[in-house]
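*Asks:* One structure, pasted below without further comment.
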Amino acid sequence: MRWIAGTPVRAAAALAVVAAMVAAAAPLPAAPFFDDFNRYDSTDMSPTWTEQYSDWAVVDGTARSAAGVSGTSCALMTVDGFAETQPAVQVTVDYEGEPRATYVALVLLYLDNETSIFVKVQDGYDGSPPDGLFDTVYFYKGNNGGTEGEDGTKFRPLVPGQRVWDDLSPYFSRACLMASVVGDTVYVAIDRDFDGLPDLADIDLDGEPDAFGYQRGGIALEEFGQGVGLGGYNGAWADDFRAVPEPATLVLLGLGAAGLAASRRRRRK
């Protein structure tokens, strides 16, 4: 998959998407939410979060999910008091540590652990050995696809029959990850160089940018809730989590501040 790096092309495409997102904004939005996790180390994520499954902790000013490679390590927490039908969320991800099976996920329209839009970036696809880089994005329904049912269904797609993954080339160890819901579609964008502009993908490999990141449409929104949150597996690292009531605000304000957050983090290390 070839990526288009020209800033003018990316900016124009981003603005076009922003215009469409503004039109879809909710009339009575929730209040924005931001957590940089800059507080004392603790296994208590503070009153603004509810840990729905497994465990998260604050470590060195970042959020870290429980270590381990069992299903019980699929940590998920949600933001208290944030409810929105067309939300946008953003987080800084960093691989941190030895190559291993790990992921960081953004959670939208959370109803319960079996019903949410669960978008994760992961190291390793289809049994390939981890190499320290996030290489695949997955679109699931429920916490890491939900539990296995009597019919053997696991890693459920958002819409029956949809492919659940896309390749993330060029692969990365650190980036700003954004996900948003517009209409019945979830969009995912990645800013690898923290320049404030989401990277554009050449999905069909024709040499022209044709997607604002990755997306899945046709989602039956009436089945879902309105919560947002963060997922992680096996010692995942996340920072600077942001949630806003509609995607245009996040694109114009959140991603524009991504470079500042990254430089601040590098100075602190």
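*Asks:* Go ahead and collect, in residue order, the members of the stretch 83-99 whose backbone nitrogen is under 14 Å from a label point 7 Å along the Cα-Cβ direction of THR50.
*Replies:* Output list for this probe position: 83-84.
*Asks:* Now, a different point. Largest first and in whole Å, what are the equivalent-ellipsoid semi-axes of the stretch 48-100 based on the Cα gyration tensor, each being the root of 5 times an eigenvalue?
*Replies:* After scaling each eigenvalue by five and taking roots: 22, 14, 12 Å.
*Asks:* Sort the following peptides by mean Cβ neighbour count (other Cβ atoms within 10 Å, averaged over residues), highest first: 166-177, 73-84, 233-244.
*Replies:* 233-244, 73-84, 166-177
*Asks:* If amide H atoms are built 1.01 Å from N in the plane of the peptide, which residues on other chains or at least 5 residues away come under 5 Å of the amide H of ASP123?
*Replies:* Amide H neighbours of ASP123, under 5 Å, 5+ apart: THR102, ASP135.
*Asks:* Quick check on packing: order 184-197, 32-45 by the mean number of other C-beta atoms within 10 Å, highest mean leading.
*Replies:* In decreasing order of mean packing, 184-197, 32-45 become 184-197, 32-45.
*Asks:* How big is the stretch 61-200 along each principal axis, measuring the range of its Cα positions in Å and listing the largest first?
*Replies:* 38, 32, 32
*Asks:* Something else: Would you kindly state how much longer the chain becomes between SER42 and VAL69 on full extension, computed as 0.36 nm times their sequence separation minus their alpha carbon distance, in nm to one decimal? Working shown, then result.
*Replies:* On the way: separation 27, 0.36 × 27 = 9.72 nm, distance 2.20 nm.
Here the answer is 7.5 nm.
*Asks:* Among 100-109, 215-224, how do they line up by average Cβ neighbours within 10 Å per residue, starting with the highest? Don't skip to the end; give the middle numbers.
*Replies:* Numbers: 100-109: 24.1, 215-224: 14.8.
So the peptides 100-109, 215-224, ranked by packing, come out 100-109, 215-224.
*Asks:* Sticking with this one: Assuming R0 = 22 Å, what is the FRET efficiency of THR185 and ALA83, from their Cβ-Cβ distance, to the nearest 0.05?
*Replies:* 0.65
Readers should treat all values here as calculations from the given coordinates under stated rules, not as data from a laboratory. The model shown is predicted, which means the values in this text are computed figures rather than measured ones. As a convention, Cβ positions derive from the backbone with ideal geometry for all residues, glycine included, and neighbour counts pool all protein chains shown.
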